[in-house]
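Notes to accompany the following structure.
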Amino acid sequence: MKPYPHIFKPLDLGFTQLKNRVIMGSMHTGLEEAKNGYERMALYFQERAKGGVGLIITGGISPNLSGRVAPYSSQLSFPWQVKKHKIITDAVHEVADAKICLQILHAGRYGYHPLCAAPSRIKSPISPFTPRALSRLGVYKTIQDFANCANLAKKSGYDGIEIMGSEGYLINQFVAPKTNHRKDKYGGDIHNRIRFPLEIINAIRKKVGKQFIIIFRLSMLDLIDQGSTWDEIVIFAKELEAHGVNLINTGIGWHEARVPTIATMVPRASFTWVTEKLKKDVNIPLITTNRINTPDVIEDILLNKQADMVCMARPFLADPYFLQKAANDNAKSINTCISCNQACLDHVFKQKIASCLVNPKACHETEFSHKQATVKRSFAVVGAGPAGLSFAIEAAELGHSVTLYERNHEIGGQFNIAKEIPGKEEFKETLRYFNYQIEKLNITIQLNTEVKAENLINQFDEIIIATGIRPRIPSIEGADLSHVLTYQDVLWHKKPVGKSVALIGAGGIGFDTAEFLAHDPNKLPTSLDKPAFYKEWGIDIHYNHRGAITNKKAEMSHRQIYLLQRKASKLGKGLGKTTGWIHRQSLNDKGVDMIGGVEYQKITKEGLHISINGKQQLLEVDNIVLCAGQLSNNELYEELKAKNQPVHIIGGAHLAVEIDAKRAINDGVRLAHKLT
Ligand code: FAD
Ligand code: NAP
Ligand code: SF4
C-alpha cells in the first residue's frame, strides 16, 4: 500500500484538481520587499513546488495603500505590477500540477503606519497608530480594491487567491464586535458585521469568474475578549459557502491575543478540533492549521476526517522536500520544523529576511550551489553539536569525506540539554534528522573521543573546530560550594535540586532552567498534554465565551524559584521577539520570582546574599544554579593554528556571546560551501 494514502489523495474542486491534501500556507518572508525579491521568491516557491506541495499560498499582499502591514510592504493594485508576479507563477507552473494562490491581506488597524484604516477608530494594543474609521465610500472603495487585486492576481497567472479574514486583520476587525462599533449597515448584528467580507467575495467573483480558486481564511478562534461566538462563526461560514468560496482555511488567534498558537510549547495539532467542529455545518472543504509538522499528524487528521486539507507554512521552510520524502515513505529523513520562530517570524518582525534555524538555505536559495565538489577533500570535524553536525552533513552532501569526533556518547551537544526543557520536546526531531543524515551520508563518526591536537596534525585537508562552549562560573564568593550547581548539572546530569532555588542569570538558559525546575517531573509537560495546555492558557474549547477565551489556570511551581539578573531592565528582554512574552508569562503564572537589578555578594550554606538598590537580603535557598552565560572552548583551535594547521572554527567555539543554534547551524552550512 502507498504510504500516507489520505495525504496523497487528490482533491477535486470541479474546475481544477489539487494533487494532494497539503497546502503551503501564507508566510511573509521579507523577500516581497527585497532587492531581486521576486526572482528570489520564484526560486524559493519553485523549490517547494518541486518538493511536491499541492498548493502554495504567497505571503500577504495588500490590495491598497492603507492596507499595507508596514509603509514599504507589498501591494498589488496596478497593471504594471503583473509582470513581476508572473516571474513567480511561471516558475511554479514549470513544475507539473503545481498551483499557487496569492494572499490578499489588508492589515486594518494592524498597519504600522499613519494611513492605516479600520471599521472603527480603535487603536490596537500592538501598534502605535490609531486607524481612521473607513467612511461608507471608503468601505466601497476597499471592496473594489480587493476585487481589482484579485483580478490582477488572475492576470499574473495565479491559480486563485486567499482572502485573509483572520488573525485580527481588517476583515476580522469588521466581523468581531470588539473592533466594529459602526452604526451603518456594516456594523451591529452578525449579518451586518459580515457584510463587508461577503461583498468582497461577490466583487471578486464578478471580476475573476467561476474558474478561479477563492480560499477564505476564517478566524475560527479569535482568542480575544469580544471576539466572535461559535454561532456567529457558523453563520459566517455558511454564508461564505453560499457566496461561492471554494475552500475555508482556519485562522487561530489575533496577533494581539495573549495565547501562544504556533510556538514550540503548543502541543501538535492543538487547534484542529475547531476545524472539525465546523465540518458538520458546511459542505465545502475545510483546511486545518497550526502546529502540524509531521506526515503522521497530517495523515491522522485526514483519516479521522477532522479536516479535508492541512495547511503548514514553517515546515516547508525547514524542508522543501517534506512531501516528497513522505511519499517515498521516508519521513525520518524530514528536517522537521521545531516551531522555534527564531529565524522565520522573529526575523520578519525585525525587518530581516526570513530563513530557518534548521535550514539556513530557506529564502536564501540563490546563495547556495547544488553542484557537487569537483575535488573530494578530507575534513575532520571536532564536536558534534549543531555547528559541527551541520558542517559535516553539508560537506558530505557536497561530496567530501568527513570524520566527526565527539567526546560524548551521543551527538547533539547542547541540543541534548535543550530537549529536556518542557516545551522543547521538538528539538529531539533535529537530533533524529542529524542521526539519519550521518548514517545516510556515510560520515565516519567517533563517539566517546576527546580529540587532542596530536590526533589531527597533518591527517586531513581541513580541520573544523566546533567544540562549543562551557558554562561561565561567575567570581562570586562561595560559588565553589557543593549546593551551587551549573545549568548543565541540573539539566544534563540531573543532580537533585531542593525545594527552593535561586538562578543566577536570566538569559535564554536561565529562563529555560526555571521552566524545567517549575515543573513537576512526575507530570506530563503541558506541551504534550492538550487539556493542560488549554487550561494553562485559558482556551475555552467548549466555546462558552466570545473569542473562546476564559480564565487561565496554570499549575503553580512546586518549588520556590528566584530568577535573577544584574541588569535593572525587564527580565527576558533579549528573548525571541515572538516568543519572549510566552516564556515570561509562563514563569509569572507559575509563581517564579523574577528580580532585576541584583548585586551578588556571596554564597554561604544559608543561601545567596544579594543587595538590591543597596538593600541587603539573604535568599534562603537550598541550591543556587549558575546560568551566567558561556565561554568558548577554543583552546584546541588556538593550538592547531599555532602549529600552522589548516583549521577553521565555528559555532559557540568561535564566539560564545549570544551563540544559539541558529548561528551554529548557519556557520556550519556556510563553511561547508566555502570550502567546496
Ligand atoms: P555545542 O552544542 O556546545 O557542541 C559542542 C560539542 O563539541 C559538544 O558535543 C562537545 O561534547 C564537543 N566537544 C568539545 N570539545 C571536544 C573535543 N575536544 N573532542 C571532541 N568533542 C568535543 N539555541 C537556540 O537556538 N534555541 C533554543 O531554544 C535553545 N535552547 C537552549 C536551551 C538550553 C537549556 C541550552 C543549554 C541551550 C539552548 N540553546 C538554544 C543553545 C544551543 O543549544 C547552542 O547555541 C548550540 O548547541 C551551540 O552549538 P555548537 O555546536 O557551537 O556547540
Ligand atoms: P545570555 O543570554 O547571554 O544570558 C546570560 C545571563 O547571565 C544574563 O542574564 C546575564 O545577566 C548573566 N550574567 C552574565 N555574566 C555574568 C556574571 N559574570 N555574573 C553573573 N551573571 C552574569 O546567555 P545564556 O542564557 O547562557 O544563553 C546562551 C545562548 O543560548 C543565548 O544567547 C541564547 O540565544 C541561546 N538560547 C536561546 C533560547 C531561546 O529560547 N531562543 C533558549 C536558551 C538559550 P546580567 O549580566 O544582567 O546579570
Ligand atoms: Fe520552524 Fe524554527 Fe525554522 Fe521557523 S526557524 S521554520 S520555527 S524550525
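You will find that of VAL297, VAL348, the residue that is under 15 Å from the mean Cα position of the chain (by Cα), open to solvent by 10 Å² or more (accessible area, probe 1.4 Å) and away from ligand 1 (no atom under 16 Å from the Cβ) is VAL348 and no other. Pairs, please: C-beta under 6 Å, at least 6 apart or cross-chain, first residue in contact (Cβ under 8 Å) with a residue 40 or more places away in the chain and among the charged types (D, E, K, R) and in the range 80-99, second open to solvent by 30 Å² or more (accessible area, probe 1.4 Å) and part of a loop (DSSP other than H, G, I, E, B)? Pairs found: ASP97/LYS19; LYS99/ASP159. In the range 411-500, counting only helices (runs of 4 or more DSSP H) that sit wholly within it, the ones holding 3 or more residues that are of a type outside the set (A, V, I, L, M) span 427-440, 487-491.
Quick one: what pairs do we get from the range 402-430, first residue in contact (Cβ under 8 Å) with a residue 40 or more places away in the chain, second of a type in the set (Lys, Arg), C-beta under 9 Å, 6+ apart or different chains? Matching pairs, first to second residue: PHE415/LYS428; ALA418/LYS424; GLU420/LYS494; GLU425/LYS419; GLU426/ARG268; GLU426/LYS419; PHE427/LYS419; THR430/LYS419.
Hey, can you tell me all the residues within the range 525-536 that are touching a helix residue (DSSP H, G or I) at 6+ places or on another chain (Cβ under 7 Å) and either of a type outside the set (Ser, Thr, Tyr) or over 24 Å from TRP492 (Cβ atoms) (or both)? Passing the criteria: ALA532, PHE533, GLU536.
Go over the candidates PRO114, PRO119 one by one and state the one that is closer than 20 Å to ILE224 by Cβ and more than 28 Å from the chain's Cα centre (by Cα).
Details: PRO114 fails: closer than 20 Å to ILE224 by Cβ.
After ruling out the rest, the residue left standing is PRO119.
Evaluating ALA568 against the criteria (1) more than 17 Å from VAL266 (Cβ to Cβ); (2) of a type in the set (A, V, I, L, M); (3) more than 9 Å from ligand 2 (Cβ to nearest atom) leaves one unmet condition, (3).
Residue check: is GLY253 surrounded by fewer than 18 Cβ atoms within 10 Å (Cβ to Cβ) and at positive phi? Spelling it out, it is not the case that GLY253 is surrounded by fewer than 18 Cβ atoms within 10 Å (Cβ to Cβ) and at positive phi.
Each residue in the range 83-139 was checked for being under 26 Å from PRO320 (Cβ atoms), touching a strand residue (DSSP E or B) at 6+ places or on another chain (Cβ under 6 Å) and open to solvent by 10 Å² or more (accessible area, probe 1.4 Å), and 2 pass.
Among the conditions (1) open to solvent by less than 30 Å² (accessible area, probe 1.4 Å); (2) more than 15 Å from ligand 2 (Cβ to nearest atom); (3) within 30 Å of ILE224 (Cβ to Cβ), GLU515 misses just one, which is (2). Give just the number: which of (1) surrounded by fewer than 23 Cβ atoms within 10 Å (Cβ to Cβ); (2) part of a loop (DSSP other than H, G, I, E, B); (3) modelled with pLDDT of 95 or more; (4) not hydroxyl-bearing (Ser, Thr, Tyr) does GLY67 not satisfy? Unmet condition: (1). For the range 508-550, the set of residues classified as small (Gly, Ala, Ser) and within 23 Å of ILE262 (Cβ to Cβ) consists of GLY508, ALA514, ALA518, SER527, ALA532, GLY538, GLY547, ALA548, listed by residue number. Of the residues screened, LYS9 is not one that is touching a Gly at 6+ places or on another chain (Cβ under 8 Å), among the charged types (D, E, K, R) and closer than 18 Å to VAL310 by Cα.
The values are calculated or read from the model by the stated rules, or taken from the named source; none is laboratory data. Small disclaimer: the values here were computed from a predicted structure and weren't measured. Counting neighbours? That spans all protein chains shown, and the Cβs are built from the backbone with ideal geometry, glycine included. Just the protein is used for accessible areas: all its heavy atoms, side chains included, with ligands, DNA and RNA removed. Shrake-Rupley method; radii C 1.70, N 1.55, O 1.52, S 1.80 Å.
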